[in-house]
Each structure stands twice: as structure tokens, then as C-alpha cells.
1. May I ask you to list the residues in segment 1-57 that are in a loop (DSSP other than H, G, I, E, B), closer than 21 Å to R69 by Cβ and among the basic types (K, R)?
2. From the list K41, K101, K67, exactly one residue is touching a strand residue (DSSP E or B) at 6+ places or on another chain (Cβ under 8 Å) and over 28 Å from D210 (Cβ atoms). Which is it?
3. Out of all the residues in segment 183-221, which are over 25 Å from the mean Cα position of the chain (by Cα) and among the charged types (D, E, K, R)?
4. Any idea which of (1) touching a helix residue (DSSP H, G or I) at 6+ places or on another chain (Cβ under 6 Å); (2) part of a loop (DSSP other than H, G, I, E, B); (3) within 10 Å of V190 (Cβ to Cβ) is the one M157 doesn't satisfy?
5. Can you find a residue that is of a type in the set (D, E) and closer than 16 Å to S229 by Cβ anywhere in segment 167-176?
6. Which of (1) modelled with pLDDT under 80; (2) within 30 Å of F49 (Cβ to Cβ) does G130 not meet, given it meets every other one?
7. How many residues are surrounded by 17 or more Cβ atoms within 10 Å (Cβ to Cβ), hydrophobic (A, V, I, L, M, F, W, C) and at pLDDT below 85 if we restrict to segment 23-45?
8. How about segment 225-242: which of its residues are surrounded by fewer than 16 Cβ atoms within 10 Å (Cβ to Cβ) and free of Cβ contacts under 8 Å to residues at least 24 places away in the same chain?
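The values are calculated or read from the model by the stated rules, or taken from the named source; none is laboratory data. If you're wondering where the values come from, they're calculated on a predicted model, not measured in any experiment. Glycine also receives a Cβ, built like all others from the backbone with ideal geometry; neighbour counts cover every protein chain displayed.
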Amino acid sequence: MIGKILFVDDDESILDAAKTALEVYGYSVEVASSGEECLKKLEGVDVVFLDIKMPGMDGIETLKEIKKRKPSLPVVMITAYATVDTAIEAMKIGASDYIRKPFDMEELEKSILAAIEDVKFRKIEDVRSGDCFEEFQRMVKKHGICITRNVEAVKDMEKIDVVEMEEHLRPRKVDDIKNEVKPLLKSGSVILLTDLEYLLKGNTIEEIKDFVNWLNRLALTRNAKLILSANLKKVGKDEKKMLQELITNIHLDVVSDSISNYLRRKIIELLSTGEKYPFTKIAQELGIEENPKLSFHLKKLKDDGVLEQDDEKRYYLSKMGREIAELINDIKKARLKGGKIMWMPVEE
């Protein structure tokens, strides 16, 4: 279940009504009456509902700032009929969806569930049983970097640079580890970061998030592979959730833009049978009443080369689209293997 919703609107009556209605459904709700207040309350939020028209810092400006700070945070724009075009523009710069005023609870609930689905979908995990050190040794062909507190486990491995995670029986600061890792990385390296949970004892959650994201970006730029391992039995509920969210966030670089949105995935899945559908049929099958919204997503998929149209303007999957449909199916069945990142939670 989703943790916290941040609802942003300059109309206090709307804030009160939304908070009351959502809390009845079991959601934790924070409210803000301006863009500036919204930015101060982002920590720990899972979904933001953001009004487009607000005095001072409007919704578009606020959205841009949210995406700078938290690129993966789902943001649903709230719009009046006259600003639907603005809502579409907001989706082009990162909003995941929009809803119109006046909205009802059912519509809000659909948007929340879609946001939850997006977050879950991004958890592309290659979870394997076995020893992470054995997997690391198997994968290393030319060079490996092992960031660990268990130095003994890799002392006899060849072509390995070891970066110790522990100093004076305490976890090292992640900035110090960064400085040691960066000059060691080579093209095609394999990086193993073990005991991820141990870093929590000497670094803040935000510092660890930044470190893992930095490590992932570094690996991607050098065509390297990254293995993360943690003992989930040694951490509490909150820490476990944080570690899993880390994996969710770094996998955003793996999932293409075409399938990172719930509605676009539903369109691809609908057309995966090989049938051709006109616009009205797609809207009917998916229960979409907002034509501008559907038009936006169909155009996006067509521009990306995922969809094509025949002479009768019916949509169907391209070759790339069929491959993406298979990928979606594999992810849903938790059968996705390989890739840049391997997540190995250790259950001891």
C-alpha cells in the first residue's frame, strides 16, 4: 500500500475535502496550499496531486522543481476544463497523469492506483539465490570492484580491486568510498556492493540513496554491471522498505519512457493480441473518457516507434512494440534476467 499522498491546492475547501475523503480510504494525506509549501513537504511522499493554477509559484513551475529533486515521484496534475492543454504540457515535462475539477473520489482512487502500479512496475528485480561473491566471481571477466566489509571473501580472487566498507569497526562515510571507487572503474567492470544495510549505521538514508544512484550512473557511463546485496533479516521494516525503494529508483534508467506510464502500458497490452484498434475502440476498452489524454499517450507511443497506424487510422504494435509487450509480460511474471543491475537480498 502507498505510504503518503501530498495534495496541493490554494483552495482550502478542496484540501479539506480531499484529505477527509482519502483518509477514509486509509491513505495518509499531507496538504499544502502553495508550490513553495509543497517543495518543503516532499520528503517521504509517494504521490503528489498538484493544482495547475496557483498564485505565486504555479503548478508547472512546481512540477519542474519536483522533477529536479525527485525525478521518479509520480505527480498528478489537477486542472479545470480551460487548462487541459496546460495539463497535457505538464505531462510532456514529467507529470504522470491529470484529473479535472470537479473530481470525485472514484477518479482520485483510480489515479492513486495507477501511480501505485507505476511504482510497482519499476521494481525490476533479478533476485537470485546463492552467494553474491560467487556470482560476482563468475561475472568478472576483465576487472571487478568489490565494496564490502567481508574482505576475506574476495582476498584470493584475481583481477579484483577491494574497497573496504568498514574502518575502525564503523561504516565508512559514503563520500570517502566514492573517492576510492571512481579512479578504479574501467569499461566493462563488474561492481559488487555488499552489506548495503550496514551503511545505514554510519550514513543517512539520503546519503546512501545519493551514493547508490551515483554508483549506478557511473556504472552506466562505463558499460559496467552493478550487483547490490543486502541482508534483509538484519534491518527493520523501515530500513527494508528504503532498500527496496533504492532498487526501484535506480531501475528507472532501465525501463524505457514508453512503458514507464500505466496508461501507455495498458495500451500496449491491449494491442499485444495483434488486433488493430481505432481510437474510439481503445478508449472504450480502457474506459478512458478524456480524449486529449488518450491522444497524448497514443501520439507519444507512435512518435517512439511503438505504435503504427494503417490506412483506416487503426493502431497496432510495431515490431518494437511487440518486443516491448513481451518485456512487459516478462517483468510482470518476474522473469526478467540480466541487465545492468542485479539485486540480491540475502535472507539468512
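1. If the condition is that a residue be in a loop (DSSP other than H, G, I, E, B), closer than 21 Å to R69 by Cβ and among the basic types (K, R), then K41 is the only one that fits.
2. The unique qualifying residue is K101.
3. Answer for segment 183-221, where residues must be over 25 Å from the mean Cα position of the chain (by Cα) and among the charged types (D, E, K, R): K186, K201.
4. Checking M157 against (1) touching a helix residue (DSSP H, G or I) at 6+ places or on another chain (Cβ under 6 Å); (2) part of a loop (DSSP other than H, G, I, E, B); (3) within 10 Å of V190 (Cβ to Cβ), the one that fails is (3).
5. Checked against the condition, which is being of a type in the set (D, E) and closer than 16 Å to S229 by Cβ, segment 167-176 yields no hits at all.
6. Among (1) modelled with pLDDT under 80; (2) within 30 Å of F49 (Cβ to Cβ), G130 violates only (2).
7. Count: 0.
8. Of everything in segment 225-242, those that are surrounded by fewer than 16 Cβ atoms within 10 Å (Cβ to Cβ) and free of Cβ contacts under 8 Å to residues at least 24 places away in the same chain turn out to be G236, K237, D238, K241.
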